[in-house]
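Colleague: Take this structure first; my questions come after.
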Amino acid sequence: MRLIFLGAPGSGKGTLGEMVSRATGFPRVSTGDLLRKAVREGTPTGRKAEAVMKAGGLVDDAIVTELVRDRISAPDCLGGYILDGYPRTVAQARAVDAIDTGRPELAIDLTVGEESIVERLCGRRVCPACGAVFHVNRKPPQAAGVCDACGGELIQRSDDAPDTVRERLRVYREATAPLEDYYRAKGTYRAIDGEGYAEDVYARIAALMTKEGRPL
Ligand code: ADP
Ligand code: ZN
């Protein structure tokens, strides 16, 4: 099984993808996380990607596809995997179909209004040490600026600044929203209301999976 989380930046792909990963045992493959790791480690890929990410643009299809190809060919992905933040262009969607052909698939589009997105992203704080994600209003850490999980110092992702958020949304509408038609044509597109608490969105996804004959 391949579960693809579509949806705008801030729609909850990472959070919901992680919850579904825990329920299914399928690893979550996040190109954003893979790229941020490459940037931290200063690999050639990271050096190419850094400026583009900071500006809210899209990293080259070939670069991200290589990261995904490597990751999904690992043994733990044999039974299934969850894609978060990939594909983001029709070319990437074609690429993953060619790499791993014929795998049963659902493309879950988390739909969220633009106002919620801006509020979610601009209030997001992350722990670079362990990857935990917080929100200043919706999910504040116990002590301001400190990670509940590991005690690390929380930061705002540089691409969560308001101007970059607007650019990411523009890029999303232009490059990624057309994936809806791509997956509709394949018959694997499913829209899920992504507003509200993560637990409620999870319940909607769980109901969908039951209906699809693949209960979580
Ligand atoms: P979000 O979904 O909140 O925008 P991600 O962590 O998925 O955040 O992605 C962060 C950034 O990494 C993107 O803005 C983009 O620059 C880059 N990126 C991630 N995935 C891809 C992809 N599939 N194709 C191109 N660029 C990507
Ligand atoms: Zn932490």
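Colleague: Pairs 13/48; 54/211; 13/211; 13/54: which exceed 31 Å Cα-Cα? Write down the numbers at each step before the final one.
Modeller: Values: 13/48 25 Å; 54/211 40 Å; 13/211 21 Å; 13/54 20 Å.
With Cα atoms farther than 31 Å apart: 54/211.
Colleague: Still on this structure: Cβ neighbours within 10 Å, averaged per peptide: list 11-17, 56-62 in order, most packed at the top. Don't skip to the answer; put the middle values down first.
Modeller: Working: 11-17: 23.6, 56-62: 16.4.
Highest mean packing first, the order is 11-17, 56-62.
Colleague: How about the chain: what cysteines have no other cysteine beta carbon under 4.7 Å from their own?
Modeller: Here 77, 122 come out as lacking a disulfide-compatible partner, given the Cβ-Cβ threshold of under 4.7 Å.
Colleague: Please report, in debye to the nearest 20, how large the charge dipole of the chain is about its Cα centre when each Lys and Arg carries +1 at its beta carbon and each Asp and Glu carries -1 there.
Modeller: Numbers: 31 positive and 31 negative charges, 44 e Å.
With Lys and Arg at +1 and Asp and Glu at -1, about 220 debye.
Colleague: In addition: Please compute the net charge surrounding residue 46, taking Lys and Arg as +1 and Asp and Glu as -1 over other residues with Cβ under 9 Å from its Cβ.
Modeller: Numbers: positive: 36, 37, 40, 47, 48; negative: 41, 50.
Its environment carries a net charge of +3.
Colleague: Still on this model: Accessible area of the chain with a 1.4 Å probe: how many percent of it is carbon plus sulfur?
Modeller: Details: 5610 of 10710 Å².
In the chain, the share of accessible area belonging to carbon and sulfur is 52 percent.
Colleague: If you take the charge dipole of the chain about its Cα centre, with +1 on Lys and Arg Cβ and -1 on Asp and Glu Cβ, which of 175, 209, 51 is farthest toward its positive end?
Modeller: 209
Colleague: Using Cα pairs under 8 angstrom and six or more residues apart, how large is the relative contact order of region 51-156, in percent? Walk me through the numbers before you get to the answer.
Modeller: Values: 71 pairs, mean separation 16.0, N = 106.
Here the relative contact order equals 15 percent.
Colleague: Right, next: D for region 74-161, whole µm²/s, Stokes-Einstein with Kirkwood Rh over alpha-carbon pairs at 37 °C and 0.692 mPa s: what number? Write down the numbers at each step before the final one.
Modeller: On the way: Rh = 15.9 Å.
For these conditions, the coefficient is 207 µm²/s.
Colleague: Using a cut-off of 13 Å between alpha-carbon atoms, which aspartates and glutamates can reach residue 186, once sequence neighbours fewer than 8 places away in the same chain are excluded?
Modeller: By straight Cα distance, residue 186 reaches 97, 105.
Colleague: Beta carbons within 10 angstrom, averaged per residue: use that to sort the peptides 143-155, 117-129, 166-178, highest first.
Modeller: On the way: 143-155: 13.8, 117-129: 18.1, 166-178: 16.1.
Those peptides, ordered most packed to least, come out 117-129, 166-178, 143-155.
Colleague: Can you bin region 1-71 into rounded, prolate or oblate? Criterion: square roots of the alpha carbon gyration tensor eigenvalues sorted a ≥ b ≥ c, rounded for a/c under 1.5, prolate for a/b above b/c, oblate for the rest.
Modeller: Values: a/c = 2.11, a/b = 1.64, b/c = 1.29.
Since a/c reaches 1.5 and a/b is larger than b/c, the shape of region 1-71 is classed as prolate.
Colleague: Can you give me the accessible area per residue for region 84-204, using a 1.4 Å probe, in Å²? Don't jump to the answer; show the numbers that get you there.
Modeller: Details: 6260 Å² over 121 residues.
Value returned for region 84-204: 52 Å² of accessible area per residue.
Colleague: Tell me, what is the Rg over Rh of region 116-157, with Rh the Kirkwood radius over Cα pairs?
Modeller: On the way: Rg = 9.5 Å, Rh = 10.0 Å.
Ratio of gyration radius to Kirkwood radius for region 116-157: 0.95.
Colleague: Can you list the residues of region 185-214 with backbone N under 20 Å from a point 7 Å past the Cα of residue 135, pointing along Cα to Cβ?
Modeller: Residues 192-206 qualify, since their backbone N sits under 20 Å from the label point.
Colleague: Still on this structure: Pull out a ≥ b ≥ c, the square roots of the eigenvalues of the alpha-carbon gyration tensor of the chain, then state rounded if a/c is under 1.5, prolate if not and a/b is larger than b/c, and oblate in the remaining case.
Modeller: Working: a/c = 1.41, a/b = 1.20, b/c = 1.18.
Since a/c stays below 1.5, the shape of the chain is classed as rounded.
Colleague: Label points 7 Å out from Cα along the Cβ direction at residue 188 and residue 206: separation in nm?
Modeller: Those two pseudo-labels are separated by 2.5 nm.
Colleague: I've got another one for you. Find the eigenvalues of the gyration tensor of the Cα atoms of region 155-216, then list the square roots of 5 times those eigenvalues as equivalent ellipsoid semi-axes, largest first, in whole angstrom.
Modeller: On the way: eigenvalues 156, 73, 13 Å².
Values for region 155-216, descending: 28, 19, 8 Å.
Colleague: Rank 113, 75, 96 by how far each Cα sits towards the positive end of the charge dipole of the chain (+1 on Lys, Arg Cβ; -1 on Asp, Glu Cβ) and give me just the farthest.
Modeller: Farthest along the dipole direction, towards plus: 75.
Colleague: Once you place label points 7 Å from the Cα toward the Cβ at residue 114 and residue 22, how far apart are they in nm?
Modeller: About 3.4 nm separates the two model spin labels.
The values are calculated or read from the model by the stated rules, or taken from the named source; none is laboratory data. All figures in this text were calculated on a predicted structure; none of them were measured in a lab. Ideal geometry is used to build each Cβ from the backbone, glycine not excepted, and the neighbour counts take in all protein chains shown. Just the protein is used for accessible areas: all its heavy atoms, side chains included, with ligands, DNA and RNA removed. Shrake-Rupley method; radii C 1.70, N 1.55, O 1.52, S 1.80 Å.
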